[in-house]
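The structure under discussion appears below in the form of structure tokens.
The values are calculated or read from the model by the stated rules, or taken from the named source; none is laboratory data. Quick caveat: nothing in here was measured; it's all calculated off a predicted structure. Ideal geometry is used to build each Cβ from the backbone, glycine not excepted, and the neighbour counts take in all protein chains shown.
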Amino acid sequence: MSLYELSTILWRTRELLELLLFKLEEEQLLLAAGPSRWLAHATREVEVVLEELRAGEVARSAHSQAVALALQLPPDASLAQIADAAPEPWNDLLLDHRRAFLTLTGEITALAATNREMLSAGQRAAREALLVVAGTVETYSPQGRTVAGARRPSLIDEAL
């Protein structure tokens, strides 16, 4: 296995990470817009990209190990170690891949956390709305447990 083949796989991984970032941003826009009609489709697209990344990880790992051994490094050498041992211009290219991976994974992690928070907030809001319609609202007891609040009359605008 060659540095060229490893670099090709790393380019594909970068493309998939960028696509994942796009899909997460797309999902976030749908979450922010309110209606959830297309949210399941957006989430499925995120899952498809993640599956492709997992499948590509096997090939990347195999190529990385082979290149590491060819450079007389341990088979579990990191990308930074491989880049340090690689000849010009491969060392610069591999370090560029590494920097891009660090940047993209940071952005993906932050965006995924924000999306999870938005989903949780939406779920809580929907649950509270359903509890209001049902005539009970959950509140907290002095011990910190959730308890049903007192029933109270509610007015529902049927025009909605």
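Every condition in (1) under 17 Å from the mean Cα position of the chain (by Cα); (2) of a type in the set (Ser, Thr, Tyr); (3) outside any helix (DSSP H, G or I) is met by THR13 except one, and the failing one is (3). Only a single item in (1) assigned to a helix (DSSP H, G or I); (2) closer than 21 Å to ASN115 by Cβ is not met by LEU93, and it is number (2). Restricting attention to region 1-35 and to residues that are over 19 Å from LEU102 (Cβ atoms) and small (Gly, Ala, Ser), the residue that is modelled with the lowest pLDDT turns out to be GLY34.
The condition (being over 19 Å from LEU6 (Cα atoms) and crowded, with 16+ Cβ neighbours inside 10 Å) is satisfied by just one residue among VAL46, VAL67: VAL46.
Here's the yes/no breakdown for (1) without any contact (Cβ under 8 Å) to a residue 12 or more places away in the chain; (2) aliphatic (A, V, I, L, M):
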| site | (1), (2) |
| --- | --- |
| ILE9 | no, yes |
| LEU19 | no, yes |
| GLU26 | no, no |
| ALA33 | yes, yes |
| GLU47 | yes, no |
| ARG54 | yes, no |
| GLN72 | no, no |
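Apart from one condition, ALA59 fits all of (1) modelled with pLDDT of 90 or more; (2) in contact with an Asp or Glu (Cβ under 6 Å, 6 or more places away or on another chain); the exception is (2).
Residue count for region 70-98 under the criterion of being within 14 Å of SER7 (Cβ to Cβ), under 29 Å from the mean Cα position of the chain (by Cα) and loosely packed, with under 14 Cβ neighbours inside 10 Å: the result is 1.
The residues of region 36-47 that are in a helix (DSSP H, G or I) and either at pLDDT 95 or above or not hydrophobic (A, V, I, L, M, F, W, C) (or both), listed by number, are HIS41, THR43, ARG44, GLU45, GLU47.
If the condition is being touching a His at 6+ places or on another chain (Cβ under 7 Å) and either more than 13 Å from GLU52 (Cα to Cα) or surrounded by 20 or more Cβ atoms within 10 Å (Cβ to Cβ) (or both), then region 10-23 contributes only LEU10.
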